[in-house]
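See structure below.
The values are calculated or read from the model by the stated rules, or taken from the named source; none is laboratory data. Nothing here was measured: the structure is a model prediction, and the numbers come from that model. Note: ideal-geometry Cβ built from the backbone for every residue, glycine included; neighbour counts use all protein chains shown. Just so you know, the surface numbers come from the protein's heavy atoms only, side chains and all, with ligands and any DNA or RNA stripped out. Shrake-Rupley method; radii C 1.70, N 1.55, O 1.52, S 1.80 Å.
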Amino acid sequence: MMNKNYFGKLLFIFSLLIFSSAAFAQKIVNPSEGTWANKQILVLDLPFGSQAYYSLSGNDPESSGFAYDGPVLLDVEGDCYLRVCVIDSEGKKSFSEVFYNVKEENLPKEEKASKFITDIVSQGLYDYAAGDVFTIPSTLEYCFGAKAECFEAGRPLSLPAGTVLARAIPCTVTDGRAMWRFVLRSYPEMSGLYSRRDVPFEIQDWTNITFTSNKYIYKIDDQWWELPKLPVTLDRTISHMISWQRLDYSPENPVKFFVLPPMPYIKTETNTDGSKKIFAEGESGYKFGIIDEQGDVSELYETLKFDTFQGDLFEGKVRAGIFYDSVYQGEIPVEFRVNKKIPEKPVILSSAVNAQARKVVTLNIQNPKDTELYVSVLGPVIVEEGTDSTDVLFAFMKNDFKKTTKKKILLQPSNDGAAAYKVSAYAIDSNNNKSNTSEYTVVIDTCNCYVDAEKNASLTVEADGSRERPYGTFEEVIPFLNESRYVRIKVSGEMVMPQRKVILSSNVEIEGEKDARLTFLNEGSLVIRNSSLALSNCVVSYAYRDRSLDDTLSSQKLFQVEHGVLVFENVELSSTFGKNGTVIDSDGSVITIKNSGLTSSADTYSACIVSVDSKISVKNSKVTTVASTSVSFSCQGGMFELRKNIVSIVGVMGRAAELFDTHSILTDNDFRAQLKKPQGTGTPVYMDAKNLSVENSRNKNAGF
């Protein structure tokens, strides 16, 4: 046996390159359709004995193009219409075409990535020998194949030294901004050996033996010596001994022999890394060679190993010649498929139109065919605002992936606040290739609602109450309130209230932003029934303008609280009623006023708070009542607390407060009156005999 010279091996490699890649029925290896940031190299797969011509303008390649004699860098920028004509050994023509665009982009800022593109990618073709390491910088992503899809992070890539086939593999790299494309041409290590033992017979298709020289007599096993004229058929399930001797006998011409072993069992083994190994089980003397298109074998191997780079799919069919003790035995077809290409990542389809939702979100997850799906759901995580970034929320939370056949996932809102979710999914194919991970984040916010009339007027899409797509009026908010137990409404500018009575059965907080104003007109009012309403940082106004409603609105109540809670903080409220009016009417409820200003005016009777069996607390506020009869507070039963307030009444007659059977606390208040008919008692607060004054000190009064 002898080593092949390098030149012979190189010729063999090119023949293998042609043969193996022909299995893909692909004539144009590169370029492919797309927009590339570098000039492209033309690489073709050509059957043995064929010729090729190409043009770059869409013209007939044979008549006005160039002859192809190997990879060539195409000096073309902008749009390119590549046409290729291949003429096979029998004169048959076939045409292929590719439309692509070259738009050169700036190199990546990262030094290693920039150097990789300059030194390797821009050359168009890179030669790689099996056993070496080829490194794509981690700041780039890469993808093998005709289509630029399923990218992986750059890494060191290598093929085992025993890999037997040569290939030209298109490779695309990207920095997330632009895509560069080149061809990676891999070669075997060239470590195989080959020699042909000189025997006077040939074996065709394993069983037929032809004796090639009439200078010898032959004997098979224990049969008679003879000079066979026709092929002999042997049973290859058992061993045979073929002996031969020259016809002109002499002591210098001894009997020679060759032991023909049983036909081997050819076995295919898939390694843990996905590579395929073809070997003969049984006799150790069997070796393999790849038969090229000319029917030649250049190297012999103990095993045939088919492998490819991580991220690639390599499949095809070759003719394997089987040798024993350097004597050809027969041929077997070998089909192989080495899949190291990651599947496409799952597609997550959401019922929500964006990253914020107002109700239950339904996810449909579609994973590629013949893959298993793994899903992780993180959440709900409660956030105060529906617009909070979810990146920080989930940064330190570990995914918990579980295999599932369930393709539909429901993400539920929370009554405790805006609920953030993160759903991640990946797919694994039968070759254990894991896809990139798809991620989906959403905030289901049934608690926070935004009203901004000015911004709403400029929307080109339907409002949904989010900060980006706010409602314009309170009327639009009402359906949203009916679906939630708790709602926080953020108001910017003026929010016009409905001109009717609106019943609130959920807990509502209205918080002002950017000169927030709540405007009530005519019949507009709120009923807080078995629920709560908190107003803060806003201006509230009520204007009675339609005098035709005098009879209907003979006694208007702006806020009616029925077994509920009402809180004002930093609120300036001004109400102008018709004949009679009350700002707050409370029954078995809790009313809290802090750091606010309340003004109530009417023609006949006006009151700021009228309560029955309620707990009333007013602190650090200014309360003004204007009417013929003015009573700022009228309370029956319950508790009444008044601390550090200025309470003013203006009209014909009236009182700062009327307390019937309450527990009262009156401290550090300033009571003022401008009355046409003052009672002259100097007492701003009336308390009946059942009223229990818990504290009544440091109060001032004038005008009573």
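Quick notes on this one:
- Net charge of the neighbourhood of Asn106, taken over other residues with C-beta under 13 Å away and scored Lys/Arg +1, Asp/Glu -1, is -1.
- Legend: calculated FRET efficiency, Asp587 to Lys408, from the Cβ-Cβ distance at R0 = 60 Å, rounded to 0.05, equals 0.80.
- Heavy-atom accessible surface of region 556-704: percent carbon and sulfur, 1.4 Å: 49 percent
- A cut-off under 13 angstrom between Cβ atoms defines the neighbours of Ile41, and their net charge, with Lys, Arg +1 and Asp, Glu -1, is +1.
- Taking every full run of DSSP H in the chain, the ones that stretch at least 15 Å from end to end by Cα along their long axis and average -0.5 or higher on the Kyte-Doolittle scale are 6-22.
- Ellipticity estimate at 222 nm from DSSP helix runs (n ≥ 4, -39,500 (n - 2.57)) divided over the chain, nearest 500: -2000 deg cm²/dmol
- At full extension, Asp400 and Asp688 could sit 96.9 nm farther apart than now, given 0.36 nm per residue minus the alpha carbon distance.
- Label-point separation in nm, Glu90 to Ser158, each point 7 Å along Cα→Cβ: 4.6 nm
- Stretching Asp60 away from Glu315 to a fully extended chain increases their span by 88.5 nm, per 0.36 nm per residue minus the current alpha-carbon distance.
- When both region 75-143 and region 557-616 are represented by their alpha-carbon centers, they are found 77 Å apart.
- Net length gained if the chain between Lys359 and Lys514 were fully extended (0.36 nm per residue, minus Cα distance): 53.1 nm
- Packing-based order for 464-472, 480-488, 56-64, using average beta carbon neighbours within 10 Å, highest first: 464-472, 480-488, 56-64
- Across region 105-242, Cα pairs under 8 Å and at least six residues apart give a relative contact order of 19 percent.
- Computed on the chain, with alpha-carbon pairs under 8 angstrom and 6+ residues apart, the relative contact order is 6 percent.
- Rounded to the nearest whole Hz, the Karplus-based 3J(HN,Hα) values (6.51 cos²θ - 1.76 cosθ + 1.60, θ = phi - 60°) of region 296-303 follow the sequence 9, 10, 9, 9, 10, 10, 5, 9, with x at glycine and proline.
- For Asp661, neighbours were defined as the other residues whose beta-carbon sits under 10 Å from its Cβ, and their charges (Lys and Arg +1, Asp and Glu -1) total -1.
- Using a Förster distance of 30 Å, the FRET efficiency for Glu454-Ile646 (Cβ separation, nearest 0.05): 0.30
- The chain - accessible surface per residue (Å², probe 1.4 Å): 48 Å²
- Relative contact order for region 263-305, counting Cα pairs under 8 Å that sit 6 or more residues apart, in percent: 34 percent
- Measuring between their Cα centroids, region 410-469 and region 644-692 lie 54 Å from each other.
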